[in-house]
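Here is the structure we will look at.
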Amino acid sequence: MRVTINDIAKKAKVSPSTVSRVIADNPRISKATKEKVTKIMKEMDYHPNMIARSLVNRSTKIIGVIIPGMAEHSFQHPFFPELLGGIGSRAYEKGYKILLSNVSTVDEEKQALKELTLGGITEGIILVTSRAQDRTINELIKTKFPFVVIGRSENPYVNWVDNDNYLIGYELAEHFIKQGHKKIAFLGFSPGYMVTKDRVKGYKKALQDYGLPVEEGLIIESKFIADNGYDLMKRLLDQGEVPTGVIACDDLLAFGAIKAITDRGLRVPEDIAVAGINNVPLADYHNPPLTSVKINAFSLGTKAFEMLQTIIESEIKSFNRATIPAELVIRGSSLRS
């Protein structure tokens, strides 16, 4: 049977309103009374009703996190659990809870945001995606509801956290070029998403800087999260384009690409070198070990929460951006002997 405020008040010989004030840490309640009531709450294993407290304090201490893609796709990807680990660890330290929502379409995202922002459930939102033309973000700005985007936004009124994805694309292409590659493909370009747009821009700039042509046929488009590297690589090879190097926009795409390459009787890295992005744990143990980029998803999560907490709790409104450093990790899949 659930212990109530009335039960605590009866045992402590105080009024229920006094117990409520102790829970709210009201400065008008004496230290002795607070200690007495708190001790009894622990003895009776009392847990305050969060909903009731939020009505009194006008603070739920809950943040919403909206993740794109079907749950079975997004949570199979190591990036999202690591990112959520970063958000959750910092949220726990600061006494916040997380309400998670998976959305697979723009309409679902709009509905989820409406429920989370207008329903009084959450105090802020972390949006784990950034589109080139993002109507959802525009709607959030209009409501003046606290939110942070994980992903670069071109809108000046958005707080966001991201890696320098342009630099990631540039450095990967440069790595292949310095290995002697002249025909380098890019696998997994989703034109509607800033993360892949920025990586492709960096890739193209590196080719231009080193005097190599940008061949649009070597840039293979994909559906964000949903597509697999095997089919994308097969599509590239089936159209007669055989690059000597492949940059996959993600490690899971890279693993699929390597399988498609070896199924054609080609070798990695001797015939086609491959690199990915995200540096998932399996990258070091794959055969061959996968060259990748460590993007520090955990740090992206912690920084996003810290930024959101500042927005929620500060009366000073400003717009901030944070760039989390990324690191190229070179392994056997991209090295020519």
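The values are calculated or read from the model by the stated rules, or taken from the named source; none is laboratory data. No experiment lies behind these values; they were computed from the predicted model shown. Positions of Cβ are backbone-derived with ideal geometry, glycine not excepted, and every protein chain shown enters the neighbour counts.
Numbers at a glance
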| read-out | value |
| --- | --- |
| Per-region count, the stretch 232-257, residues of a type outside the set (Gly, Ala, Ser) and within 29 Å of ASN296 (Cβ to Cβ) | 11 |
| Within the stretch 298-337, tally of residues that are within 27 Å of LEU99 (Cα to Cα), touching a Gly at 6+ places or on another chain (Cβ under 7 Å) and of a type outside the set (Phe, Trp, Tyr) | 7 |
| Verdict on THR143 being over 16 Å from the mean Cα position of the chain (by Cα) and buried (at least 19 other Cβ atoms within 10 Å of the Cβ) | no |
| Residue satisfying condition, being of a type outside the set (S, T, N, Q), modelled with pLDDT under 90 and buried (at least 19 other Cβ atoms within 10 Å of the Cβ), within set ILE137, ILE168 | ILE137 |
| All positions within the stretch 104-136 that are farther than 25 Å from ARG321 by Cα, free of Cβ contacts under 8 Å to residues at least 60 places away in the same chain and not in a helix (DSSP H, G or I) | SER104, THR105, GLY119 |
| Any chance ILE261 is assigned to a helix (DSSP H, G or I) and out of contact with any Pro (no Cβ under 6 Å at 6 or more places or on another chain) | yes |
| Number of the condition not met by SER153 [criteria: (1) within 16 Å of the chain's Cα centre (by Cα); (2) of a type in the set (S, T, N, Q); (3) assigned by TED's automatic domain parsing to the domain that holds THR262] | (3) |
| Test: residue in the stretch 158-168 that is in the same structural domain as GLU306 (by TED's automatic domain parsing) and more than 20 Å from LYS294 (Cα to Cα) | yes |
| Residue list for the stretch 266-320, filter: hydroxyl-bearing (Ser, Thr, Tyr) and either modelled with pLDDT under 95 or assigned to a helix (DSSP H, G or I) (or both) | TYR285, SER299, THR302, THR310, SER314, SER318 |
| Selected residue (criterion: nearest to SER292 (Cα to Cα)) from residues of the stretch 239-258 that are in a strand (DSSP E or B) and β-branched (Val, Ile, Thr) | ILE247 |
| Matching residues in the stretch 198-228 - criterion: being among the hydrophobic types (A, V, I, L, M, F, W, C), touching a strand residue (DSSP E or B) at 6+ places or on another chain (Cβ under 9 Å) and modelled with pLDDT under 90 | PHE224, ILE225 |
| Filter result for ARG321 (closer than 22 Å to THR196 by Cα and in contact with a strand residue (DSSP E or B) (Cβ under 7 Å, 6 or more places away or on another chain)) | yes |
| Test: PHE176 is surrounded by 23 or more Cβ atoms within 10 Å (Cβ to Cβ), within 26 Å of the chain's Cα centre (by Cα) and in the same structural domain as ALA260 (by TED's automatic domain parsing) | no |
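The rows are residues; the columns are (1) basic (Lys, Arg); (2) at pLDDT 70 or above; (3) over 25 Å from LYS114 (Cβ atoms); (4) exposed (fewer than 12 other Cβ atoms within 10 Å of the Cβ).
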{"position": "SER30", "(1), (2), (3), (4)": "no, yes, yes, yes"}
{"position": "LYS36", "(1), (2), (3), (4)": "yes, yes, yes, no"}
{"position": "LYS39", "(1), (2), (3), (4)": "yes, yes, yes, yes"}
{"position": "HIS47", "(1), (2), (3), (4)": "no, yes, yes, yes"}
{"position": "ALA52", "(1), (2), (3), (4)": "no, no, no, no"}
{"position": "GLY64", "(1), (2), (3), (4)": "no, yes, no, no"}
{"position": "PRO68", "(1), (2), (3), (4)": "no, yes, no, no"}
{"position": "HIS73", "(1), (2), (3), (4)": "no, no, no, no"}
